[in-house]
Amino acid sequence: MRNIDAFNHVRGESVYLDDIAERQGTLHAWVFGSQVAHGKILSLDTSAAENMPGVYRILTAADIPGENQIGGIIADEPLLAEGEVHFWGQPVAIVLAETEAQAQEAAHKIVLEVEKLPVIIDPREAQKVGSLIMQPRTFHLGDPETGFAECEYIFEGVAENGGQEHLYIETQGAYAWPKETGSIYVASSTQGPTAVQRHTAHVLGIGMSRIEVDVTRLGGGFGGKEDQATPWAVMACLGAFLTKRPVKLVLHRMEDMRMTGKRHPYSSDFKIGLDKDFKIKAYEVTFYQNAGAAADLSPAVMERTLFHATNSYFIPNVRATAYSCKTNLPPNTAFRGFGGPQGMFVIESAIAFAAEKLGVAASVIQKANLLKEGDEFPYGQHTEGCEAENCWQTAESRYNLEQLREEVNAFNRENTLLKKGMALMPICFGISFTKTAMNQARALVHIYTDGSVGVSTGAVEMGQAVNTKMLQVAAQVLGINPNRIRIETTNTTRVANTSPSAASATADLNGKAVQMACENLLERLKAHIAIQLNLEGNAAIEIQEEQVLVNGKTVDLPWEKLVFSAYWSRLSLSENAHYATPDIHFNPEKEKGYPFAYHVYGTAIFTVTVDCLRGTYDFDSVKIAHDFGSSMNTNVDLGQIEGGLVQGIGWMTLEELIFNQEGRLLSNALSTYKVPDIYSVPKEVEVHFMDTPGSPRAIFGSKAVGEPPLMYGIGAFFALRNAIKAFRPEAEPAFVAPMTPEKVLLNLYPEFEAAAQTASVKEN
Ligand code: LUZ
Ligand code: MOS
């Protein structure tokens, strides 16, 4: 099935937040943020701003009727700063005016006096002074001391990754209006409608039942709207609640980039031990996560880093420790992969480092240590349906790895100023929210008397085509024409207490709930048919669009007639189903359990060509063997692989967030923050849909596809590194991502390092 949104998107008819027709009396909000990253608030003067044209009211912390608190995992984050500010851009006041331009203009007149305090932007520095979000955590397997003692080779090093701006095409925003009796309706561009509802109710000091959150679709989320769509929606609701007028708040791109959190930068220490056959016997890693100024989702992200510390490899002796370090950056948050990529980058760096020292290709070590069926992860779960070796071998043979390698070598022998590099990147990603309780979803299905069907779930459409998949599930289970079915907006009054659309699990969780609801309706309709036709109890009934089959024989009872007759027999044509992933559990005291419903595997082969005069590069090809299970929609899933891959390549190679020492983001626009464009995507992307069994805990034996492909992008870093070494064999490029063209150039010509330092970025 084609993506059901495709036509509307192409014609510009799809409704995003900013497309909602404006209601009479709407006020427009502009958020005034701190221009200091850390300090004590001495005074806040809004009087001049209040007298500006069009200004209706200015809201500060003092106006909040409930609690000034929007922290999720830890209650450490005010909606509006009070007493202190902890990051540059932290919201302090909200200007409400008749037009957005007037609100923005007035915001310039607000005077915030701050006594500056020291700014920390480096996670290791934060850890040294004890500035932590939470206690560190450690995952163990086997006995690392004994493991290292038995190793032939031991290598130690450091790996660092930068953050990543989500760059959803639609910026953060919400549009709220008062309903009668003090209730609020809010349209929000959020992955987590229930989070918006809960925090709004808390800040307003009223029950969640008085807040209706509605989401049609997002112009991208990527994790950036899992938790961080909340403050803007709460602000719009606060404005609507206090003024009794509609309030619209949409961040401009630069405000969005400065005020919201990003993927977490990490700095990490690794120690890897191998025996003489290149089997990894022991691995020790310490992660320093740059959490930013409040917890947000950082504890959960840190946990997922630990879960993915060994990527696709079996290592018998492991110690992985992680610190969530509190700094003065905007609170970092969920981003596709959710800490997994950061963990995987470090083990890949450790392997590449060992390979370099041992004089072998990294792929030799990678291949020798791939997970096998029944192997234990450091968190106690064992692989079931492990596809690690199958994916690797499929990629190797299908894409003729030996020949590719030969071509690269031949090219490098013949060229001096162009060099090619290769890298293989295996992935293994655990599917489920690591917080077991979050793995639940509900669906509400109505069959109307004309035979059309409305489906509501907790799933949020953000371009990933989850609505298409929900429609496929309903159509397939009910056996009817898909165009009878409408997927409704995601609304907290129809489906309550939802988990955010996140963790790659949305189609699985909500799809299973849709499946259950439709199956229940089908059973009821079949029972109705049995009564109407006086059938034996064991008669096989199949409902189809045009007819019903009874024991294989056609009965002339089209869907519409069947539904109508069921209604006149006073049967309920609505079902509400609840699904919770079975079997999963985790004990955080022991750091052991069975946290994931299943794992997704795959292997990518990268080739890159570096222009060794300029430091620029082109990815020639990325060839992937991916474990899809029985894909529900190969077009949609292919799109997820391509998009995830390119987003991962961007993170590893181009996207560089630059904060100055005062904690101000300098790369706050697309002129200073480079994301992949059509020219920087690989010239060739080949994706092989492996014929794998899928998982019974996934919808229709498929496998989740949202996040796993992002981690293929890590291969880009190592392909570049190998190309650099082809030009300058003694180069030992640091394991510091992103590997931008500038960094490539300096690795090719280290003699220019000093010159580059003096010419480095001047502040704008
Ligand atoms: N969000 C979350 C996630 O709350 N828990 C998770 O485990 C997760 N994993 C990936 C992406 N978002
Ligand atoms: Mo996400 S990182 O699945 O919101």
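Is it true that some residue in region 547-568 is within 30 Å of Arg217 (Cα to Cα) and touching a helix residue (DSSP H, G or I) at 6+ places or on another chain (Cβ under 7 Å)? No: region 547-568 contains no residue that is within 30 Å of Arg217 (Cα to Cα) and touching a helix residue (DSSP H, G or I) at 6+ places or on another chain (Cβ under 7 Å).
Restricting region 194-214 to residues that are outside any loop (DSSP other than H, G, I, E, B) and of a type in the set (Val, Ile, Thr) leaves a set whose member that is surrounded by the most Cβ atoms within 10 Å (Cβ to Cβ) is Val196.
In this structure, Ser432 does not qualify as polar (S, T, N, Q) and more than 23 Å from the chain's Cα centre (by Cα).
Do the conditions hold for Asn668, that is, is it of a type in the set (S, T, N, Q) and either within 16 Å of ligand 2 (Cβ to nearest atom) or over 26 Å from Leu358 (Cβ atoms) (or both)? In short, yes.
Cβ-Cβ contacts under 6 Å between residues 6 or more apart (or on different chains), taken from a first residue in region 503-525 that is under 12 Å from Asn576 (Cβ atoms) and in the same structural domain as Gly644 (by TED's automatic domain parsing) to a second residue that is outside any helix (DSSP H, G or I) and small (Gly, Ala, Ser), are absent. The set of residues in region 635-679 that are in contact (Cβ under 8 Å) with a residue 12 or more places away in the chain and either over 30 Å from Asp122 (Cα atoms) or assigned by TED's automatic domain parsing to the domain that holds Gly463 (or both) comprises Asn635, Val636, Asp637, Leu638, Gly639, Gln640, Ile641, Glu642, Gly643. The number of residues in region 743-759 that are surrounded by 14 or more Cβ atoms within 10 Å (Cβ to Cβ) and closer than 18 Å to Glu160 by Cβ comes to 4.
Identify, please: which residue in region 215-226 is within 8 Å of ligand 2 (Cβ to nearest atom) and farther than 9 Å from Ser188 by Cβ and is, among those, surrounded by the most Cβ atoms within 10 Å (Cβ to Cβ)? Explain how you work it out, then say what you get.
Applying the first criterion (within 8 Å of ligand 2 (Cβ to nearest atom)) to region 215-226 yields 221-226.
Checking the rest, the ones that are also farther than 9 Å from Ser188 by Cβ come to 221-224, 226.
Details: Gly221: 29, Phe222: 27, Gly223: 27, Gly224: 27, Glu226: 27.
In this case the residue turns out to be Gly221.
One residue stands out in region 500-546 among those that are out of contact with any helix residue (DSSP H, G or I) (no Cβ under 8 Å at 6 or more places or on another chain) and among the polar types (S, T, N, Q): the one that is surrounded by the most Cβ atoms within 10 Å (Cβ to Cβ), namely Asn520. Restricting attention to region 307-347 and to residues that are aliphatic (A, V, I, L, M) and away from ligand 2 (no atom under 16 Å from the Cβ), the residue that is farthest from Ile272 (Cα to Cα) turns out to be Leu329. Annotation note: of Glu50, Glu13, Glu84, Glu22, the sole residue that is surrounded by fewer than 17 Cβ atoms within 10 Å (Cβ to Cβ) and touching a His at 6+ places or on another chain (Cβ under 9 Å) is Glu84.
Consider Val346 carefully, then state whether it is over 30 Å from Ala294 (Cα atoms), touching a residue at least 24 places away in the same chain (Cβ under 8 Å) and out of contact with any Lys or Arg (no Cβ under 7 Å at 6 or more places or on another chain). Taking the combined requirement at face value, the residue does not satisfy it. Scoring Phe735 on the criteria (1) surrounded by 14 or more Cβ atoms within 10 Å (Cβ to Cβ); (2) free of Cβ contacts under 8 Å to residues at least 60 places away in the same chain leaves a single failure, condition (2).
The values are calculated or read from the model by the stated rules, or taken from the named source; none is laboratory data. Computed from a prediction, not measured in an experiment: that's the story for all the values here. Glycine gets a Cβ as well: all are built from the backbone with ideal geometry, and neighbour counts include every protein chain shown.
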